[in-house]
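Asks: Here it is, the structure, as structure tokens.
Throughout, read-outs are computed from the coordinates displayed, never taken from laboratory work. No experiment lies behind these values; they were computed from the predicted model shown. Here the Cβ is made from the backbone with ideal geometry for all residues, glycine too, and neighbour counts use every protein chain on show.
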Amino acid sequence: MPQLGDLASVIRSKNAGPFQVTIDIMFANAGDYARALRAPSFTAAEIARRYRIAEDEVALIPFARVHAIKITIPRRWGSRGSGSAADRDVYGAQQHGPLVDLEIA
Amino acid sequence: MTSEARIVAVNGMLGYGYELDSLQAGIAARPHLMGCDAGSTDPGPYYLGSGKSLVRADQIYRDLKPALTAAVRNRVPFVIGSAGFAGAKPNIELTLEIVRQICREEDLHFKLGVIRSDVNKQAVIAALAAGEIEPMPGAPGLTRELVEQSAHIVGQIGTEPYIAAFEQGAEVVIAGRSCDTAIYAALPIWRGHDPGLALHMAKIMECGAQCGIPLAPNDCLLGSMHKDHFLVRPLAAHRVCTPESVAAHTMYEQGNPFLLYEPEGIVDIREADFTQVDRQTVRVSGSRFEPSPALKIKLEGARRIGARAFTIAGARDRHVIENLDVIERAVNDAVRRNLNAQALRDGYQLHFRYYGKNGVLGELEPSVVAPAEVGILIEAIAPTQSLASYVLSLARSSYLHCPFDGRKATAGNLAFPFSPSDFEGGDVYDFSVYHLMKVKDQNALFPVELETI
């Protein structure tokens with residue numbers, strides 16, 4: 001069973017403003033995109049578990065035109081937004097890690 | 001019928017560089033506007049709080065000199081949005097200084113429009129009291145204290161003040177913090193083009209050739225507005241745009257890939273169509289604009305929360321690596337015991353990050369592989385630099401010599417790469433304000449100052 005990080009052609013995260021992080025997962029073709037999207041593991045609940053946030057804080061938006069899935073979540077680090085005390089990733093560019101090993105049936 | 005409007009984005013961030021050949025190709029396209037985005041909140045609140053630029057003055061100078069000179073000599077209007085990185089008064093002053101220097105050196109003359117984006121604190125407090133402030137998604141609430149504590153508050157300038165500057169004859173516009181789209185959308189909207197298409201094209205252009213293959217925030221992009229579509233093409237011959245690369249870029253750094261939220265309304269790109277027209281060029285149509293009933297301006301504010309000191313060291317001893325949590329607790333206790341009552345009242349924070357173990361993801365790190373070595377970053381934040389450095393010094397020495405059960409390497413727990421080991425990080429800020437404010441008149445909030453250079 002492949003992992004999401006193997007199946008995707010692009011898997012990246014970035015700030016969407018100082019208080020949200022948005023994760024783009026892109027696929028080389030419609031087949032891979034559909035396979036990821038219908039995998040039982042690929043749910044808002046599972047994403048919420050991996051980022052230790054509430055399920056209703058996860059926005060999971062498929063974008064069929066470009067075979068991509070966007071996931072937007074609250075920023076997890078910093079006392080008040082990016083670059084504040086105790087931040088770990090000011091640009092939010094390395095926050096896709098917890099999704100890379102998601103098993104895609 | 002509205003004529004074509006050709007626009008050159010010099011690059012995605014003033015100071016990141018671009019190919020001079022691409023600039024020449026841009027000039028050869030006889031553009032109606034050239035511009036660049038010069039700011040971002042991505043690198044954090046420090047640049048707004050301190051009024052400094054992430055990109056150094058000599059980088060801004062290097063990028064601006066050929067582009068501004070070419071624009072002015074060819075009578076092409078030139079715009080710089082989010083000048084000086086954060087767009088607050090000191091950020092704009094830095095940009096103006098560089099522009100004046102280039103103008104002296106190159107004997108350039110034009111009508112300059114400066115749009116300031118600083119928002120008066122009393123106006124924000126009044127809006128807060130009137131219930132006209134709302135947080136951006138994910139942002140915490142706003143209080144009067146947070147507004148008062150802010151070092152700078154800026155609003156994101158939309159298209160209207162840029163249009164006002166063009167109407168008053170400005171040939172070069174230097175604007176404070178701007179919606180990325182306003183930089184490139186204002187001119188085509190002013191010339192009567194469809195705002196949905198203009199804002200969508202501007203959203204793609206604000207990162208320079210980032211939408212191209214190979215992608216490059218440090219290169220030029222040409223956008224051409226037509227009546228019912230627009231075209232985008234990288235200006236370097238070896239780059240191309242494809243329908244996928246342009247569509248994918250539309251979703252970059254956006255919480256929602258289908259709706260672009262701008263002060264004047266929402267651009268809905270669900271029905272947008274992307275097609276290849278030649279080797280390098282993509283045609284986009286179908287983006288729709290829905291005006292919003294009330295104008296809302298995004299405010300950004302940063303306040304100082306203290307000063308930082310830090311040190312970085314490595315651990316290679318297996319027993320140290322197995323006991324990082326134990327050592328961290330002991331160090332926290334030791335620092336508390338050693339500080340006097342005044343320092344404890346003033347308050348401080350100590351943070352530990354373990355690179356190689358979970359430095360990036362903290363408690364979210366799924367990997368449980370035992371690392372052979374770990375990079376340890378110790379950070380102290382306190383109201384003054386002196387207290388932060390003192391707290392760090394206590395923490396560093398405690399960490400180096402901390403005893404724990406099973407310790408065998410009793411000479412020291414850490415490998416320091418540097419002497420001196422401790423660094424002063426200077427002021428630390430946070431985003432005190434990241435909120436929308438209802439505004440009646442954008443042009444009154446962001447007035448244009450004109451000057452003849």
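Asks: Counting helices only, and only those DSSP H runs with n ≥ 4, report the 222 nm mean residue ellipticity of chain B as the sum of -39,500 (n - 2.57) divided by its residues, in deg cm²/dmol to the nearest 500.
Replies: Taking each H run of at least 4 residues, the total per residue is -9500 deg cm²/dmol.
Asks: I've got another one for you. Please list, in chain and number order, the residues 5+ apart from B:Gly306 or on another chain whose amide H is under 5 Å from its amide H, with Hs placed from the backbone.
Replies: B:Val428
Asks: Right, another one. Let's test the formula: R0 of 22 Å, r as the Cβ-Cβ distance of A:Val100 and B:Arg329. What FRET efficiency results, to the nearest 0.05?
Replies: So, using R0 = 22 Å, E works out to roughly 0.10.
Asks: Follow-up question, since we're still on this one. Could you give the length gained by full extension between B:Ser397 and B:Asp346, i.e. 0.36 nm per residue of separation minus their alpha carbon distance, to one decimal place?
Replies: Full extension from B:Ser397 to B:Asp346 adds 16.2 nm.
Asks: Shifting gears a bit: Taking loop as defined by DSSP and a crowding limit of 10 other beta carbons within 10 Å, which chymotrypsin sites (Phe, Trp or Tyr not before Pro) in segment B:385-453 fit?
Replies: B:Phe418
Asks: May I ask for the angle, rounded to the nearest 10°, between helix B:324-338 and the longest principal axis of chain B, with both axes built from Cα atoms and the value confined to 0 to 90°?
Replies: The helix B:324-338 is inclined about 80 degrees to chain B.
Asks: Taking H as built 1.01 Å from N, whose amide H comes closer than 5 Å to the amide H of B:Ile266, not counting residues under 5 places away?
Replies: B:Glu290, B:Ser292
Asks: Roughly how many nanometres apart are two label points built 7 Å out from the Cα toward the Cβ at B:Val369 and B:Gln24?
Replies: Label at B:Val369, label at B:Gln24, 4.9 nm between them.
Asks: HN-Hα J couplings of segment A:25-41 from phi, Karplus 6.51/-1.76/1.60, θ = phi - 60°, integer Hz, Gly and Pro as x?
Replies: Taking θ as phi minus 60°, the curve returns 10, 10, 10, 6, 8, 5, x, 5, 4, 5, 5, 5, 5, 9, 5, x, 7 Hz for segment A:25-41.
Asks: Grab chain B and count how many Lys pairs have their alpha-carbon atoms under 19 Å apart, sequence gap of 8 or more, or different chains.
Replies: Within chain B, the lysine pair count is 15.
Asks: I need the phi-derived Karplus couplings for segment B:409-423: 6.51 cos²θ - 1.76 cosθ + 1.60, θ = phi - 60°, integer Hz, Gly and Pro marked x.
Replies: Coupling constants for segment B:409-423: 8, 7, 7, x, 8, 10, 10, 8, x, 10, 10, x, 7, 9, 10 Hz.
Asks: With axes computed from alpha carbons, what is the tilt in degrees of helix B:57-73 against the longest principal axis of chain B, rounded to the nearest 10 within 0 to 90?
Replies: 0 degrees
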